[in-house]
Amino acid sequence: MSEPKARGGDWTPPLPANPPQGRGTSDEGRSRLEGGPEARSQQSEPLLEVRDLTVHHGQLRALDRVSLRVFPGEVYAIIGANGAGKSTLLRTIAGLHRPTDGAILYDGKDMTKIRPERRATGGIVMVPEGRRLFGSLTVEENLKVGATYARKGPWTIERVYEIFAWMKDRRTQRTAQLSGGEQQAVAIGRALVANPRVLLLDELSLGLAPVIVQRIYAMLPQILSTGLTVLLVEQDVSQALRVASHIQCLLEGHTTLEGRPSEVTAEQVEAAYFGLPGGNGGAGSLPVSRGGLGGIVPPERTEALWHGSTPSSRAS
């Protein structure tokens, strides 16, 4: 199905004039990350934890004993090729797939068998791949859907209109008439008004022009300033390396690389992404091979979307 066209082109809001200081995490997350990876590992309780998760689609094993720990305020990015199991992981955390084995813990409590709607009202909210808006409803009606069973918190429809300034003037327009970038903004807004603690973002860049992707990600610091924790799946690896405080690469349902962006090189990411020899040993054990993965550059040479998000700041 073709993407609906916008009236007057795709959404291109201006980049923030004074980007917030930070490394792609909230203030809470930055305080937890100070002191390097050792400080992260010493935190007593992650907000979200996945333990040895195995998921099947029929006879196909989509995830095989995948584990992760996401601490409050982090931006945790899952990268990997198509079919690696990234979206399956997010959908399982959201409760849309039932795991074959393993556990999902949220704020220390086992959520593995909890229904999806109870996870959402408890604070785990997903922006799904493909946006999944109600095309016949208006922008504001879609936002009201997200607010129906919202937790108490800072996010309201009016607050979303402040972040996405174009939206208020077009709140009565049906979302089927919006461009892809505008629809993605509405999908993010719909999730925010539910006042999540953990925001799951599945393939924000899918089907969008690079400039639109950058402008959407430029809004991330304002979203994080409310204390949100973000777990994102991203096909644009360079984008993930720019915004994340921690990354994990999946290949055919297995973890092939995990660490802070400042600790990995483009060659290591490439090896983990494609499953090159030695690609399952973590940073430092992967072979060095020249060439790039879709234009990846090493994290130390990436240009930050806002001040303070460079790898050198993450390593502090």
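Listed by Cβ neighbour count within 10 Å, with the fewest neighbours leading, HIS254, HIS57, HIS246 appear as HIS57, HIS254, HIS246.
By the count of neighbouring beta-carbon atoms within 10 Å, fewest first, THR112, THR148 end up ordered THR148, THR112. Fully extending the segment from ARG51 to SER136, taken as 0.36 nm per residue of separation minus the present Cα-Cα distance, adds 26.6 nm. Dividing the C-alpha radius of gyration of region 153-287 by 2.2 N^0.38 Å, with N its residue count, gives 1.22. Note on region 80-158: Cα convex hull, mean projected area over all directions, 7.0 nm². Under 28 Å Cα to Cα from LYS152, which lysines show up? Leave out anything in the same chain fewer than 8 places away. Result set, ordered by chain and number: LYS109, LYS113, LYS144, LYS168.
Here, each number is a calculation from the coordinates, and none is a lab measurement. Not measured: the values here are computed from a predicted model. Don't worry about glycine lacking a Cβ; one is built from the backbone with ideal geometry, like all the others, and counts go over all protein chains shown.
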